[in-house]
Amino acid sequence: MKLSISLPLATDRHIPSLSENTFLRYFNFIALYVAQGIPEGMCFFGIPAWMAMNGKSPGEIGSFVAAVGLPWSFKIIVAPLMDRFSYLPMGRRRPWVLFGQLGLITSFIAMALVPDPLNHLNLFMAAGFAVGFFGAFQDVATDGMAIDIVPVSQQARANGFMWGSKIMGTSASLALGSWLLNKYGYSTAILMLSIFVVLIMIVPLCLRERSGEKLLPWTPGTANEETKKMKADNWATIFKSLFKAFTLHNSLLFALTAFLVQVGFNYTDTLLPIFTVTALGWTDQAYSNFFAIASLVGGIGGMLIGGMLIDRFGKLRMLNIYFFTVIVLACSMSFLKPLWVHTWFISAFMIVYQLMYVFICIGIFATAMQCCWKRISATQFTLYMTISNMGRIVGAKMIGPVKSQFAWEYAILFLALAMILAWGVTRFIHLNKQVEKIKSFEEQTILPAIAS
């Protein structure tokens with residue numbers, strides 16, 4: 001009996017920790033983001049289409065999607081919990097990642113077991129809410145882990161892999177899940193997809209954050225000294241640190257940039273289906289097919305070169321290039337109205353648009369990570385993302401006022417306006433000063449502790 005227990009523990013010592021091995025870091029985050037994408041592909045796209053095919057009203061479908069999406073608004077509440085509490089012998093973020101992944105598995109399986117979901121919508125929405133909650137929970141924990149252990153020079157590339165793997169997980173689960181739904185039925189489809197989420201759990205179970213830590217609570221290991229220094233001891237420390245870091249000049253300017261970017265892109269995301277169906281006479285299925293292909297191209301492009309370009313040439317430099325490209329793209333779409341009758345022209349616009357969206361998001365996420373103070377990284381990063389999501393709401397709300405006042409060719413230019421404003425704000429951001437300030441905060445925190 002002792003041999004069967006000690007042998008795995010002896011062999012797992014030979015597996016490098018995430019902080020020591022670049023390949024394992026990328027592999028870990030790719031796996032965790034694929035795990036997020038699998039239930040999202042079904043809950044946001046596959047199941048709503050299945051509900052529509054079975055005669056459910058737009059209001060019922062919208063209520064289900066809202067139930068799944070609502071917990072993502074709570075991320076700012078759970079993030080401080082992760083900064084305040086953790087079982088350090090197993091790592092600063094890894095216990096939270098494991099908890100979130102386990103919850104995602106359990107809730108996804110529970111959704112599969114809902115009896116006759118089309119006629120038990122309240123129970124169905126409750127299961128969807130649980131899937132959304134643990135998906136958001138795992139997202140916060142994973143992002144916090146990435147900020148803590150990924151070197152600044154690799155953060156953009158890591159974000160490229162994370163973003164691309166999530167899109168590929170979403171696309172693959174949508175295609176496979178839709179086929180399973182039609183071939184074998186609802187419960188079998190969700191349970192089959194759950195198996196992939198369960199298998200992904202093996203990755204964070206086998207990989208430590210830092211050397212010397214426990215794999216599981218009952219295995220050998222101790223807390224790393226670096227994580228002890230980063231841990232916030234009380235709520236007052238967390239919120240005072242957040243205030244100091246977030247109210248820095250460059251931090252506020254970056255938050256405004258992230259807000260403006262999402263205003264422009266979500267405005268366009270909301271505008272495109274209306275534009276293609278109303279102005280161009282496309283069917284909704286034709287739009288969905290073209291946009292899905294463009295999204296997949298964007299995800300693969302982000303994974304292969306999006307992060308690499310930012311790592312090589314710099315975050316703000318590449319963001320400015322991307323902003324300029326989107327401005328030219330929007331203006332071309334606006335001024336070349338005679339070409340709107342050609343499907344290839346609109347398709348080309350969608351593909352370039354999606355590539356730039358993914359590349360800009362990779363740059364925004366990597367910059368947000370660099371702006372964070374590791375002591376409160378989960379809370380600060382989530383606050384940036386919350387402000388960014390507020391931009392998505394504003395962008396969608398702008399559709400009505402803008403379209404009521406302007407023709408289609410001028411309404412499209414709103415995307416260019418948002419990118420011009422974002423570009424203007426980035427001219428005043430100095431990341432090096434932000435990093436130096438955060439470093440000085442850390443030194444002010446550590447030195448008194450050493451002295452005592």
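Every number in this text was worked out from the coordinates using simple rules, so none of it is lab data. Quick caveat: nothing in here was measured; it's all calculated off a predicted structure. All Cβ positions, even for glycine, are placed from backbone atoms using ideal geometry, and neighbour counts span all protein chains on display.
Run the numbers on segment 241-437 and let me know its relative contact order in percent, using alpha-carbon pairs under 8 Å that are six or more apart.
Reported as a whole number, the value is 48 percent.
Report the relative contact order of segment 19-231, percent, no decimals, based on alpha-carbon pairs under 8 angstrom and at least 6 residues apart.
Details: 284 pairs, mean separation 81.1, N = 213.
For segment 19-231, the relative contact order is 38 percent.
With +1 on the Cβ of every Lys and Arg and -1 on the Cβ of every Asp and Glu, and nothing else charged, how large is the dipole of segment 126-237 about its Cα centre, in debye rounded to the nearest 20?
220 debye
Once the piece of chain linking I274 and E226 is laid out straight, how much longer is it, given 0.36 nm per residue of separation minus the C-alpha distance between them?
Separation in residues times 0.36 nm, less the Cα-Cα distance, equals 12.1 nm.
Let me know the volume per residue of the alpha-carbon convex hull for segment 241-437, in Å³.
Convex hull volume per residue, Cα atoms: 116 Å³.
Using all C-alpha to C-alpha distances in segment 180-317, build P(r) with 5 Å bins and read off the rounded percent in each one.
With 5 Å bins starting at 0, P(r) equals 2, 7, 7, 8, 11, 13, 16, 15, 10, 7, 4, 2, 0.
How long are the semi-axes of the equivalent ellipsoid of segment 45-108, defined as square roots of 5 times the Cα gyration tensor eigenvalues? Whole Å, largest first.
Output for segment 45-108: semi-axes of 34, 14, 6 Å.
Would you mind working out the magnitude of the charge dipole of segment 241-437 relative to its Cα centre, with +1 at each Lys and Arg C-beta and -1 at each Asp and Glu C-beta, to the nearest 20 Debye?
Magnitude of the dipole: close to 680 debye.
Dipole of the chain (Lys/Arg Cβ +1, Asp/Glu Cβ -1, origin at the Cα centre): which of L316, M230, S173 lies farthest to the positive side?
Of the options given, the answer is M230.
Please identify the chymotrypsin sites (Phe, Trp or Tyr not before Pro) of segment 167-252 that satisfy two criteria: DSSP loop assignment and at most 14 other Cβ atoms within 10 Å. Which are they?
Numbers: sites: W179, Y184, Y186, F196, W218, W235, F239, F243, F246; in loops: W218.
Loop-located and lightly packed - W218.
Under a point-charge model restricted to the Cβ atoms of Lys and Arg (+1) and Asp and Glu (-1), what is the dipole moment magnitude of the chain relative to its Cα centre, in debye to the nearest 20?
I would put it at about 820 debye.
Residue by residue, what Karplus-based ³J(HN,Hα) values in Hz, rounded to whole numbers, does segment 35-44 have, using 6.51, -1.76 and 1.60 with θ = phi - 60° and x for Gly and Pro?
Computed from phi, the couplings for segment 35-44 are 4, 5, x, 4, x, 5, x, 7, 6, 8 Hz.
Given all pairs of different Cα atoms, what value in angstroms does the Kirkwood hydrodynamic radius of the chain take?
By the Kirkwood definition, the hydrodynamic radius is 23.2 Å.
Measuring from centroid to centroid over Cα atoms, what is the spacing of segment 207-282 and segment 112-181 in Å?
16 Å
Would you calculate the separation in nanometres between label points at L216 and S57, each defined as 7 Å from the Cα along the Cα-to-beta-carbon direction?
Calculated label separation equals 5.0 nm.
Can you give the local net charge around T426? Use residues other than it whose beta-carbon is closer than 15 angstrom to its beta-carbon, Lys and Arg +1, Asp and Glu -1.
Local net charge: +4.
Lys pairs in segment 19-231, Cα-Cα under 27 Å, at least 8 apart or on separate chains: how many?
So the count works out to 9.
Output needed for segment 126-243: three equivalent-ellipsoid semi-axes, defined as square roots of 5 times the C-alpha gyration tensor eigenvalues, in descending order, whole Å.
34, 18, 16
In the neighborhood of A223, defined by Cβ-to-Cβ distances under 10 Å, what is the net charge if each Lys or Arg adds +1 and each Asp or Glu adds -1? Don't skip to the end; give the middle numbers.
On the way: positive: R92, R210, K214, K228, K231; negative: E213, E225, E226.
Value of the local net charge: +2.
Over the Cα atoms of segment 1-159, what Rg and Dmax result, in angstrom?
18.8, 59
Taking only the Cα atoms of segment 115-188, how large is their convex hull per residue, in Å³?
Each residue corresponds to 91 Å³ of Cα convex hull volume.
What nm distance separates the two modelled labels at I293 and A175, each placed 7 Å from Cα along Cα→Cβ?
Each label point lies 7 Å from its Cα, and together they span 1.3 nm.
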